[in-house]
Amino acid sequence: MELTRLRGFQDLIGPQAQTLAYVEQRARALMERYAIGEIRIPLLERIELYQRSTGETSDIVSKQMYTFTDRDEAGSVLALRPEGTPGVVRAYIEAGLDRSDPEQRFFYSGPMFRRERPQKGRYRQFYQFGVEVFGRADPACDAELLIMIDDLRRDLGLDFQIELNSLGDATCRPAFRAALLEYGRQHWDELCRDCHDRLERNPLRLLDCKIDVRLAEQAPKSLDYLCPECRRHFETLCDLLKAAGVQFVINPRIVRGLDYYMRTTFEVTSSNLGSQNAVVAGGRYDGLVEVLGGASVAGIGFAIGVERVALALHAARAPRAQLPRVALIALGDPAVRKATELARALRGLPLQVELLSTQRSLKAQLKRADKIGANYAVIIGPDELARAAAQLRDLGASSQREVSLDRLASELAGGLAH
Ligand code: ATP
Ligand code: MG
């Protein structure tokens, strides 16, 4: 085949697409409970948005973005969105909400694009479900977001570990940063190439280096440098999480490299996954709205990797409630007419109803019913139609009986009750 899909891009067919939709659906249902409204933003933005927010030194901006020049807008370079937060912040400012009504909570859901090395759980187009809250600087808000993630975990029947850290703020971060820089310089000969490149511009990145693990573990910790306000914020957050019964661990290596990230940062991993086990990442970004030209408004958010949660569900084989499936088999035109009408009525019950191809024989249709995993077959031939009845076959028990059409719905509903 000549026209194949691109590397790192996926076709999601049938059950695969369904699991993704299921994760999104459960997350959406949760948003309603938390009174968080949806925001839909473009997939395409000017490259400057990401350069200014995600940052020139980040992996995303320095090597992972899909960019192109636009024919219609001379000189402008566009980028497929690699993450949701910058676009949401831009939209929030552009709508004037930062000044008119700064306290807002949004969720978004959709594809992101990053040119990275494809592997299991890592794709070039992947889906994120994210939440952003503006105008709330209090730790109760941080706690609420983590409780939300724990609610989703419970709802999906998965195993998540929440890892929490605080990066401090403009008051206490400089001393921490200086200590880290000093530490990096002292251990210069032991650092990897990336850390050499990044140390002066972005010393915090040393902490999440996957190569210099031992060095990162022994490096100075932001928690030891927190000013009293940041300490109080972090302790209150931990306290609220304990009160709500949310399990978490403190991990001083959870960092975000950019200055507008402050205080709370967190990552969530799932033990249901292998090497790409991070399922959620998030944190506080109180300086970002201002960096993008808005008012000085606090912000905090997180993004869920939807494919990874779907993979975790698959690995955990977490049972998912599925509606019983009914295959409708009609033989002859008058029966097809009846079956079409009946299918519509049966879909009013908690059932999956599929009218099978009426051009096939009874035998072929029964085979098809098996193949699609139907629990029941409802068969209407000319004789049944004359008696206003149908054969109701329980495909699991291989038993069959005749049921009058006006009783069929209640018979099926009765079967569902058992
Ligand atoms: P990682 O360290 O795995 O590269 P990240 O720090 O780049 O993650 P974020 O940008 O914070 O991740 O995105 C949040 C979540 O989105 C991640 O925890 C992960 O579940 C998911 N994610 C990120 N990149 C990909 C990708 N290329 N394919 C699939 N899911 C991804
Ligand atoms: Mg990444």
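The values are calculated or read from the model by the stated rules, or taken from the named source; none is laboratory data. Everything quoted here is computed from the prediction, not taken from an experiment. Quick reminder, even Gly has a Cβ in these numbers, built from the backbone with ideal geometry, and neighbours come from all protein chains shown.
Does Arg40 satisfy being among the basic types (Lys, Arg) and within 17 Å of the chain's Cα centre (by Cα)?
Working: among the basic types (Lys, Arg): yes; within 17 Å of the chain's Cα centre (by Cα): yes.
Yes.
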### Within region 344-418, strands (runs of 3 or more DSSP E) holding 3 or more residues that are polar (S, T, N, Q)
399-404
### Query
Which fully enclosed helices (runs of 4 or more DSSP H) of region 168-236 have 2 or more residues being among the basic types (Lys, Arg)?
173-186, 193-198
### Task
Look at region 86-117 and say how many of its residues are within 16 Å of ligand 2 (Cβ to nearest atom) and in contact with a helix residue (DSSP H, G or I) (Cβ under 8 Å, 6 or more places away or on another chain).
4
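Working only within region 319-342, note down all residues that are of a type in the set (Gly, Ala, Ser) and crowded, with 17+ Cβ neighbours inside 10 Å. Break it down stepwise before answering.
The first filter runs over region 319-342 and keeps only residues of a type in the set (Gly, Ala, Ser), leaving 321, 327, 330, 332, 335, 339.
Matches in region 319-342: Ala327, Ala330, Ala335, Ala339.
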### Message
Any residue at all in region 302-310 that's buried (at least 21 other Cβ atoms within 10 Å of the Cβ), more than 9 Å from ligand 1 (Cβ to nearest atom) and under 21 Å from Gln10 (Cβ atoms)?
### Response
yes
### Task
State whether the residues of region 154-166 include one that is at pLDDT 95 or above, outside any helix (DSSP H, G or I) and farther than 30 Å from His314 by Cβ.
yes
### Task
Output the residues belonging to region 48-63 that are more than 21 Å from Phe9 (Cα to Cα) and either assigned to a loop (DSSP other than H, G, I, E, B) or not acidic (Asp, Glu) (or both).
Leu49, Tyr50, Gln51, Arg52, Ser53, Thr54, Gly55, Glu56, Thr57, Ser58
### Task
Would you please list the contacts, defined by Cβ atoms under 8 Å and residues six or more apart or on different chains, that run from a residue in region 101-127 that is assigned by TED's automatic domain parsing to the domain that holds Gly282 and more than 10 Å from ligand 1 (Cβ to nearest atom) to a residue that is in a strand (DSSP E or B) and of a type in the set (Lys, Arg)?
none
### Task
Could you check how many residues of region 253-288 are more than 23 Å from the chain's Cα centre (by Cα), of a type outside the set (Lys, Arg) and modelled with pLDDT of 95 or more?
0
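Only strands (runs of 3 or more DSSP E) wholly contained in region 245-332 count here; list those with 2 or more residues that are away from ligand 2 (no atom under 16 Å from the Cβ). Explain how you work it out, then say what you get.
Working: elements: 262-270, 278-284, 299-305, 325-330.
The qualifying strands (runs of 3 or more DSSP E) are 262-270, 299-305, 325-330.
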### Task
Mind listing whichever residues of region 206-250 are of a type in the set (S, T, N, Q) and either modelled with pLDDT of 95 or more or crowded, with 19+ Cβ neighbours inside 10 Å (or both)?
Ser222, Thr236, Gln247
### Query
Pick from region 118-149 the residues that are farther than 16 Å from Arg308 by Cβ and among the charged types (D, E, K, R): which of them is farthest from ligand 2 (Cβ to nearest atom)?
Asp138
### Message
Regarding region 34-43, can at least one residue be identified that is surrounded by fewer than 18 Cβ atoms within 10 Å (Cβ to Cβ) and outside any loop (DSSP other than H, G, I, E, B)?
### Response
yes
### Task
Report the residue count in region 48-85 for those that are closer than 22 Å to Gly110 by Cβ, of a type outside the set (Gly, Ala, Ser) and within 16 Å of ligand 2 (Cβ to nearest atom).
13
